[in-house]
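Following: one structure in structure tokens, then a few remarks.
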Amino acid sequence: MPQLFSSLIFCLLLVSAVCAAQPTQAIATPSAATLPLGPEAVKKALDSLLSPSSEVRTKTAAALRLRCIDERQKEQVREIFTNAQAKHKEALEAVVKRGVPGLDKFKLSHDVWAAKRTEVMKLILTDYHKDGAKVAMLTKEHLATEALRKTMDKEFASTQKAWKTLASSTAALEEMDRQKALLEGAGGSYVAKKPEAYLAEISAAREMLQTLNLLMDRQRANDEMAAVTKHNASLKGIPPTAVIFAGILNQQRSTMNLPPLRLDTQLSQAAADHSKEMMAMGYFAHESPVAANKTPGDRARNASFTGGWSGENIFMGSPGANEAYNAWWGSDGHRFIMFADGPNTLGLGPVGSYWTLMSGQKKWQG
């Protein structure tokens, strides 16, 4: 509090110097505001600009800018801002060199997960000819990858505090840039730099920036998953078991760093129509005996799906979402479709104990 109080007193003195009335002599004596600051006042101004309080820094900078009646004062204030910024950059460099434990732990867990998922993705896309022992091995490896992802996500959550430390260290640098722009009359066109832009200017922060990029990628993935989950739950006319299945599949895809799939009403209608037809006509096949519905592509067009169809799975035997997922997971071609990297859209048609899954690509709004 004493530092904050003395800093605010300094700001008030600067402002009062500017607002003081001019003497009434015929030859005016220069006021304190028209003279350059003395060494002690410069030191006090610099100390205030180095305060951890953003409020103190802002008020001090505003008071300094008010002094700039002619170029002499403006040049001195410009130099004070520049010196303050240099000091803040030194402080940021010190933080970088000390390291941020939360970021280091996240990077380590992320790298372990990334290496494992690359290895397991190859296994997922391997044809085991439905060999039960090999599928069991694959399931075990996928569960191990999921455990690593969960560990990494816990570390991700703990990095928020670490990020705040870095963000607050760069905030003072950004503030000095903004104050210099205001000093030059360019405040209206000023565009704030992001924290990572200031870190990029520090050579020792190269590895830290790589970690921050991984953090931002993970945040984008989490945001996308949340948006897709909300979208899938909001659709009208989609059976609850289809929403449950989409949640199961998207969580498993997340473990492999694959984007989540959005349920589509028209593609789900195409899938449901095929399930209904198979149940009604007593057949189980991708090709329909009805000419107009012969192929999955025909069925997608008939349902007015506006994207491009890419794959289809069918299952018969249980109305349960877990049962359908597990059956397709253990069957090579079906698993390939569920874990393909290209599609962004999902159609699901559970009808009784019949299931049809259709995947596709569609341009989504938002």
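Computed extension gain for Ala133 through Ala192, at 0.36 nm per residue and net of the alpha carbon distance, reaches 15.5 nm. Between the helical axis of 132-183 and the longest alpha-carbon principal axis of the chain there is an angle of about 20 degrees. In plain terms, the chain from Leu235 to Thr295 could stretch by 19.0 nm, reckoned as 0.36 nm per residue minus the Cα-Cα distance. Say we join alpha carbon atoms closer than 10 Å with springs in a Gaussian network model of the chain; which of Lys194, Lys150, Lys236 then has the biggest fluctuation? The residue that fluctuates most here is Lys236. Considering only Thr255, Ala200, Asn213, the residue lying farthest towards the positive end of the dipole of the range 192-259 is Thr255, judged by Cα position with unit charges set on Cβ. Neighbours of Phe305, meaning other residues whose beta-carbon lies under 15 angstrom from its beta-carbon, give a summed charge of +1 when Lys and Arg score +1 and Asp and Glu score -1. Once the Cα atoms are used to define both axes, helix 240-255 deviates from the longest principal axis of the chain by about 60 degrees.
The range 132-179 and the range 218-286 have their alpha-carbon centroids 27 Å apart. For the pair Trp163 and Asn213, label points projected 7 Å from Cα toward Cβ lie 1.7 nm apart. Assuming charge only on the beta carbon of Lys and Arg (+1) and of Asp and Glu (-1), the dipole of the range 85-228 about its Cα centre is about 320 debye to the nearest 20. Compared with the rule-of-thumb size 2.2 N^0.38 Å for a compact globular protein, the chain has a Cα radius of gyration ratio of 1.52. In the structure shown, the pairs Lys194/Lys363; Lys230/Lys362; Lys130/Lys154; Lys44/Lys194; Lys116/Lys164; Lys116/Lys193 are assessed against 24 Å; a Cα-Cα span above that value is assigned to Lys194/Lys363; Lys130/Lys154; Lys44/Lys194; Lys116/Lys164; Lys116/Lys193. Residue by residue, the range 258-271 carries 3J(HN,Hα) couplings of 9, x, x, 9, 8, 5, 10, 4, 5, 5, 5, 5, 4, 5 Hz when phi is fed to the Karplus relation 6.51 cos²θ - 1.76 cosθ + 1.60 (θ = phi - 60°); x denotes Gly or Pro.
Working note: Karplus 6.51/-1.76/1.60 with θ = phi - 60° gives the range 77-93 the couplings 5, 4, 5, 4, 4, 5, 5, 5, 5, 4, 5, 5, 5, 4, 5, 5, 4 Hz, where Gly and Pro are set to x. Once neighbouring chains are kept in place and the probe is 1.4 Å, which whole percent of the accessible area of the range 207-342 is contributed by carbon and sulfur? C and S fraction of accessible area: 56 percent. Taking only the C-alpha atoms of the range 255-366, Rg followed by Dmax gives 13.3, 41 Å.
Taking amide H as placed 1.01 Å from N in the peptide plane, the amide H of Gly311 sits under 5 Å from that of Ser359, each at least 5 places away or on another chain.
Rounded to the nearest 10 degrees, the inclination of helix 206-234 to the longest alpha-carbon principal axis of the chain is 50 degrees. Applying the Kirkwood pairwise sum to the alpha-carbon positions of the range 105-214 produces a hydrodynamic radius of 17.4 angstrom.
Rounded to the nearest whole Hz, the Karplus-based 3J(HN,Hα) values (6.51 cos²θ - 1.76 cosθ + 1.60, θ = phi - 60°) of the range 40-45 follow the sequence 5, 5, 4, 5, 5, 4, with x at glycine and proline.
The values are calculated or read from the model by the stated rules, or taken from the named source; none is laboratory data. Every value quoted in this text rests on a predicted model; they were computed, and no experiment measured them. Ideal geometry is used to build each Cβ from the backbone, glycine not excepted, and the neighbour counts take in all protein chains shown. The accessibility values were calculated without ligands, DNA or RNA, using every heavy atom of the protein model including side chains. Shrake-Rupley method; radii C 1.70, N 1.55, O 1.52, S 1.80 Å.
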